[in-house]
Amino acid sequence: MLNVTFLGTAGSLPTPERNPSAILINREGEMMLFDCAEGTQRQMMRARTGMMRLNYIFLTHLHADHILGIPGLLETLAFQGRRNPITVVGPIHTKHLVESFKSVCYFSRNFDVQAIELEPGDVLKMKGCQVRAISTHHSVPSLGYSLEEDARLGRFNRDAATSLGIPPGPLFGKLQHGQEIEIDGKKIEPHQVMGPARPGRKIVYTGDTRPCKSVELAGRGADLLIHDCALANDMADWAKETKHSTAAEAALIAKNAGVGQLVLTHISSRYSEDTSPLLREAKSIFERTIVAEDLMSLEIYLKDE
């Protein structure tokens, strides 16, 4: 399972239709939150995602519309009896942010909140996957993130195994799990019966940014690119001034990177009730585009399934 739930898709200002930025990824039951705007915990409740399995909060930058949901979420986890630590990951000053929450809030929690600061290219490894920090271009220190699953074993070639005299049963399983076996004094290695390794899934999230070559490079081979799209091209000058991207710019990044699908998010309040200008603009460049909506959920499937 690799599921993406868009908890908040607004730009800097919330609207009746959209909460500010927050995206939840559930991978095989492990939950990772990317940005945590005010109201994020309530959006999690509305989406029925649960929150006790949340282990990481990744921050793209420290603007208020991306971080103000953290104190309330931590307090709710405490009320629910959480004991396991939670890790907040982000750019420079993230450690100071976490410490400041401790100093201004009367937390009742009984679990540790750890902080990790990353630079572009740094990798945080987890079971079965890793999250890589990406260079982005915003008005304050910022990062994007690439969630990359480990490569999977190749397909088992039953005919090849049979031709080598391997009887069906436990020996098949050993080879499938990378173990060498021996039959009648002859050693048989996994590569003799296994196909080439298959790539895992990949999701790239930019946070707030101008279009970047670093994002394009990170997006190559991605199943999903979630890209800042604050404005349409008629507001390109304002996008440049505020260090955001237009729909056309996001679509061009997706096209050049050859991603499986583009999702536009961080939608300016001027499009809150009608995102069709953004969608038309992006789809004219990259057809496989959708505009994120609050509580929208996407399942990312394995490439060969």
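Summary table below
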| item | result |
| --- | --- |
| Lysines whose Cα lies under 18 Å from that of Lys240, excluding same-chain neighbours fewer than 8 positions away | Lys213 |
| Electrostatic dipole magnitude of the chain [Cβ: Lys, Arg +1; Asp, Glu -1; Cα centre; debye, to 20] | 600 debye |
| Extreme residue, positive dipole direction of the chain, given options His227, Asn19, Gln192 (C-beta unit charges) | Gln192 |
| Loop sites in region 90-125: chymotrypsin sites (Phe, Trp or Tyr not before Pro), DSSP, at most 16 other Cβ within 10 Å | Tyr106, Phe107, Phe111 |
| Residues whose placed amide H lies under 5 Å from that of Leu68, excluding near-sequence neighbours | Glu38 |
| Per-residue [θ]222 nm for the chain (sum of -39500 (n - 2.57) over DSSP H runs n ≥ 4, rounded to 500) | -7000 deg cm²/dmol |
| Cβ-based exposure ranking for Arg53, Arg132, in which fewest neighbours within 10 Å come first | Arg53, Arg132 |
| For region 1-76, the fraction of alpha-carbon pairs in successive 5 Å shells from zero, as % | 4, 18, 32, 27, 14, 5, 1 |
| Highest average packing first - 133-141, 116-124, Cβ atoms within 10 Å | 133-141, 116-124 |
| Charge-dipole axis of the chain as Lys and Arg at +1 and Asp and Glu at -1 on Cβ define it, positive-most pick from Thr5, Thr49, Gly169 | Gly169 |
| Net charge over other residues, Cβ less than 13 angstrom from the Cβ of Ala47 (K, R count +1; D, E count -1) | +1 |
| Neighbourhood net charge (13 Å Cβ-Cβ; Lys/Arg +1, Asp/Glu -1) for Arg82 | +1 |
| For region 41-108, convex hull of alpha carbons as volume per residue, Å³ | 93 Å³ |
| Per-residue Cβ neighbour rank within 10 angstrom, fewest leading, Asp150, Asp274 | Asp274, Asp150 |
| Relative contact order %, region 248-305, counting alpha carbon pairs below 8 Å whose residues are six or more apart | 43 percent |
| Relative packing of peptides 42-50, 198-206, 154-162 - highest average C-beta neighbours within 10 Å first | 198-206, 42-50, 154-162 |
| Computed over region 126-213: relative contact order in percent, which uses C-alpha pairs under 8 Å that are six or more apart | 39 percent |
| Spread of Cα-to-Cα distances over 10 Å intervals beginning at zero, given as percent, for region 1-131 | 12, 46, 37, 5 |
| Acute angle (nearest 10 degrees) that the helix 247-257 long axis makes with the longest principal axis of the chain, alpha-carbon atoms | 20 degrees |
| Ranked packing of 26-35, 285-294, 166-175, most packed first, by mean Cβ within 10 Å | 26-35, 285-294, 166-175 |
| Footprinting exposure proxy for His61, His227 (fewest neighbouring C-beta atoms within 10 Å first) | His61, His227 |
| Reported label for calculated Cα extents along the principal axes in Å given (1) 65, 48, 36; (2) 71, 51, 33; (3) 87, 36, 31 | (2) |
| Computed over the chain: relative contact order in percent, which uses C-alpha pairs under 8 Å that are six or more apart | 18 percent |
| Karplus-derived 3J(HN,Hα), 6.51/-1.76/1.60, for each residue of region 70-77, Hz, glycine and proline x | 5, x, x, 5, 4, 5, 5, 4 |
| Kirkwood-based shape ratio for region 152-305, expressed as Rg/Rh from alpha carbons | 1.26 |
| Local net charge near Asp65, Cβ-Cβ under 12 Å (Lys/Arg +1, Asp/Glu -1) | -2 |
| Above-threshold pairs, the threshold being 31 Å between Cα atoms, out of Lys187/Lys303; Lys95/Lys283; Lys174/Lys202 | Lys187/Lys303; Lys95/Lys283 |
| C-alpha center-to-center spacing [region 46-84, region 181-236] in angstrom | 27 Å |
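Computed from the coordinates by the stated procedures, all read-outs in this text should not be read as laboratory data. Values in this document were obtained by computation on a predicted structure and should not be read as measured data. Don't worry about glycine lacking a Cβ; one is built from the backbone with ideal geometry, like all the others, and counts go over all protein chains shown.
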